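Have a look at the structure below, then the notes.
A short reminder: the numbers here are calculations on the coordinates, not readings from a lab. Only a predicted model underlies this, so the values are computations on that prediction, with no experimental measurement involved. All Cβ positions, glycine included, derive from the backbone under ideal geometry; neighbour counts span all protein chains shown.
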Amino acid sequence: SQQGEEDPQALSIQEGENATMNCSYKTSINNLQWYRQNSGRGLVHLILIRSNEREKHSGRLRVTLDTSKKSSSLLITASRAADTASYFCATDAGSNYQLIWGAGTKLIIKP
Amino acid sequence: DTAVSQTPKYLVTQMGNDKSIKCEQNLGHDTMYWYKQDSKKFLKIMFSYNNKELIINETVPNRFSPKSPDKAHLNLHINSLELGDSAVYFCASSQDRGLTEAFFGQGTRLTVV
């Protein structure tokens, strides 16, 4: 079953602008992960944030987690054409040892 | 060296055929997965193996049978292929069952005609 829902489904911005994607989920989690998928390729792990963390940074990426609202956001600053991809959030399912995925946000960076 | 490699990358086959997709990881991970990604990009787990033992078997037709000869390999065999099986299938691995970072293969685009 799908737990994560990304918002927006698609986002098109100019190079250099910031891109923000959101993820909402339904049940309690241990951690939440963000992945990137370039067209025709496999998914690449970007960042993992644990349920007791509120914010995490990795290079131009900033992830926040609000467990009270069951939501997370991924901010990409100073976007580049190479950031064009689909971005997915994935949450664990507690003791079931599986990740549950959203449908992804398709990000297009216009040069 | 590719961390998680799966073959073939493309597979076009007729309905009713039997086909296999192979996956190998050289990361020394204990856990491997098969995912199906449909045309709307939804990613759904099919199977998960930990140290050659099946730990997740989601509701997939029993025409799909995973086989793990050792913990570095997890192959997917599909019998009596149907049109609805057309999708991209991804193999992935992670260090353990604790839902750490997952590493994905490049995917196998299966087209059933």
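Mind listing the long-range amide H neighbours of B:Q95? Cut-off is under 5 Å, sequence gap 5 or more, other chains count too, H placed in the peptide plane at 1.01 Å from N.
Residues meeting the criterion, in which the H sits 1.01 Å from N, are B:T100.
Assuming 0.890 mPa s and 25 °C, estimate D for the protein assembly as shown with Stokes-Einstein, Rh taken as the Kirkwood radius over Cα pairs, in µm²/s.
Estimated via Stokes-Einstein, D reaches 137 µm²/s.
How large is Rg/Rh for chain B, to two decimals, with Cα atoms and a Kirkwood Rh?
Over the Cα atoms of chain B, Rg/Rh equals 0.95.
Tell me, what is the percent relative contact order of chain B, built from C-alpha pairs under 8 Å that lie six or more residues apart?
It rounds to 37 percent for chain B.
At what distance in nm do the modelled label points of B:L27 and A:E53 sit from each other, each positioned 7 Å from its Cα along Cα→Cβ?
1.7 nm
Please compute the modelled spin-label separation between A:A78 and B:R109, points set 7 Å along Cα→Cβ, answer in nm with one decimal.
Placing both labels 7 Å beyond Cα along the Cβ direction yields 3.5 nm.
Give me A:L107, A:L99 ranked fewest to most by other Cβ atoms within 10 Å of their Cβ, as a rough exposure proxy.
Going from least to most buried by this count: A:L107, A:L99.
On average, how many beta carbons from a partner chain sit within 10 Å of the beta carbon of a residue in B:31-37? Spell out each step's value before the answer.
On the way: counts 1, 0, 2, 0, 4, 0, 5.
Mean shielding count: 2.
For region A:3-111, just the Cα atoms, rotate onto the principal axes and tell me the three extents in Å, largest first.
Principal extents (largest minus smallest coordinate, Cα): 43, 28, 21 Å.
Let me know the longest stretch in chain B that avoids all trypsin sites (Lys or Arg not before Pro) found in a DSSP loop with at most 14 other C-beta atoms within 10 Å.
The longest uninterrupted stretch comes out as B:64-113.
Taking the Cα atoms of region A:51-111, what is the range of coordinates along each of the three principal axes, in descending order and whole Å?
Result for region A:51-111: principal-axis Cα extents of 43, 22, 19 Å.
What longest range of chain A stays clear of loop-exposed GluC sites (Glu not before Pro) (DSSP non-H/G/I/E/B, at most 16 other C-beta within 10 angstrom)?
A:54-111
Can you tell which of A:A82, A:A90, A:A19 shows the greatest fluctuation in a Gaussian network model of chain A with Cα springs below 10 Å?
Of A:A82, A:A90, A:A19, the most mobile in the Gaussian network model is A:A82.
Please tell me the relative contact order of chain A in percent, rounded to the nearest whole number, where contacts are Cα pairs under 8 Å and at least six residues apart.
Once normalised by length, the contact order is 39 percent.
Could you run the Karplus curve 6.51 cos²θ - 1.76 cosθ + 1.60 with θ = phi - 60° over region A:32-38 and give me ³J(HN,Hα) per residue in whole Hz, x for Gly and Pro?
After applying 6.51 cos²θ - 1.76 cosθ + 1.60, I find 9, 10, 10, 10, 10, 10, 6 Hz.
Taking region A:35-111, which trypsin sites (Lys or Arg not before Pro) meet the DSSP loop condition and have no more than 15 other C-beta atoms within 10 Å?
Those satisfying the criteria are A:R41, A:R54, A:R60, A:K69, A:R80.
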